[in-house]
Amino acid sequence: MSDEIVFYHNPMSRARMVHWMLEEVGAPYRIELVDFQKGVHKKPEFLAVNPMGKLPAIMHRGTVVTETGAICTYLADAFPAAGLAPRWDEPARGTYLRWMFFGAGCVDSALIDRMLARPKPERTSALGYGTYEDVVDTLEKAITPGPYILHERFSAADVYIGAQIGFGIMTKSLEPRPSFQSYLGRLSQRPAYKRFQEQSEKLLARIKATV
Ligand SMILES: N[C@@H](CCC(=O)N[C@@H](CS)C(=O)NCC(=O)O)C(=O)O
């Protein structure tokens, strides 16, 4: 059983969110670049890690964790010294989990449906995220008044929700409301965020050089 975190990564994927999270955590990790062009994510070696053939994934102490929200939650709990999650017995834990799950269950689906211009279903009451408009308004409430989701306390929920807001604005699947912009402005000042961005650019350059 190894204490090393193996991070299955491609900087053109949701794994970017986990990369930022790993920088916030500050524990050593090793990147295994998964080449989408070569279809490495659909080959048996990687399917043994994640049968979905999708990124991100991590391996830590003999356990595989997949799903971006789960990985962020896991890392915050596995490395409590980083102070990225309220403990299970703190009332703020409820708020924290609420927005982590909202990110995975509602924000992700709503933004992707909008990005792919998928037609609106007739019965939104049966749809987990309800309506796109409700998700966006609720997202704004989650980060208001701020400065973070847990007010003065930065947490892994800001990494996950913040990265989703950034992705949404970049892909135009989310309108750039001033509250979203100023929240992102605050997050992008974080040293861990800057390190993640610098490393991502280098990784992207490395990938481009091999194509
Ligand atoms: N529910 C997963 C979604 C993961 C996912 O869709 N990853 C994409 C990249 S952003 C992927 O690996 N796509 C490759 C493929 O499906 O071929 C999560 O939240 O982590």
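The values are calculated or read from the model by the stated rules, or taken from the named source; none is laboratory data. Fair warning: this is a prediction, and the values are worked out from it, not measured in the lab. Neighbour counts are summed over all protein chains in view; Cβ atoms, including those assigned to glycine, are modelled from backbone coordinates with ideal geometry.
Assorted remarks:
- Condition broken by Leu55, with the remaining ones in (1) modelled with pLDDT of 95 or more; (2) surrounded by fewer than 16 Cβ atoms within 10 Å (Cβ to Cβ); (3) within 23 Å of Phe167 (Cα to Cα); (4) within 16 Å of the ligand (Cβ to nearest atom) satisfied: (2)
- Helices (runs of 4 or more DSSP H) enclosed by segment 4-87 - at least 3 residues per element that are under 25 Å from Arg98 (Cβ atoms): 15-25, 68-78
- The set of residues from segment 170-193 being in a helix (DSSP H, G or I), surrounded by fewer than 16 Cβ atoms within 10 Å (Cβ to Cβ) and under 16 Å from the mean Cα position of the chain (by Cα) comprises just one member, Met170.
- Given (1) surrounded by fewer than 20 Cβ atoms within 10 Å (Cβ to Cβ); (2) under 17 Å from the mean Cα position of the chain (by Cα); (3) of a type outside the set (S, T, N, Q); (4) more than 11 Å from the ligand (Cβ to nearest atom), number of the condition Asp3 does not satisfy: (2)
- Test for Arg118: is it within 16 Å of the ligand (Cβ to nearest atom), within 30 Å of Thr131 (Cα to Cα) and more than 17 Å from the chain's Cα centre (by Cα): yes
- Long-range neighbours under 8 Å by Cβ, at least six apart or interchain, first residue among the basic types (Lys, Arg) within segment 21-40, second surrounded by fewer than 14 Cβ atoms within 10 Å (Cβ to Cβ): Arg30/Glu4
- Inter-residue pairs, beta-carbon under 8 Å, first at positive phi and of a type in the set (Val, Ile, Thr) and in segment 155-175, second crowded, with 24+ Cβ neighbours inside 10 Å and at pLDDT 95 or above, 6+ apart: none
Rundown of residues vs (1) away from the ligand (no atom under 13 Å from the Cβ); (2) crowded, with 17+ Cβ neighbours inside 10 Å; (3) touching a residue at least 12 places away in the same chain (Cβ under 8 Å), yes/no style:
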| position | (1), (2), (3) |
| --- | --- |
| Val64 | no, no, yes |
| Thr68 | no, yes, yes |
| Ile71 | no, yes, yes |
| Phe79 | yes, yes, yes |
| Leu84 | yes, yes, yes |
| Trp88 | yes, no, no |
| Arg98 | yes, no, no |
| Cys106 | no, yes, yes |
| Leu111 | no, yes, yes |
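- Meets criteria (surrounded by fewer than 18 Cβ atoms within 10 Å (Cβ to Cβ) and under 17 Å from Ile71 (Cβ atoms)) for Pro28: yes
- Test: residue in segment 10-26 that is more than 11 Å from the ligand (Cβ to nearest atom), of a type in the set (Gly, Ala, Ser) and over 17 Å from the mean Cα position of the chain (by Cα): no
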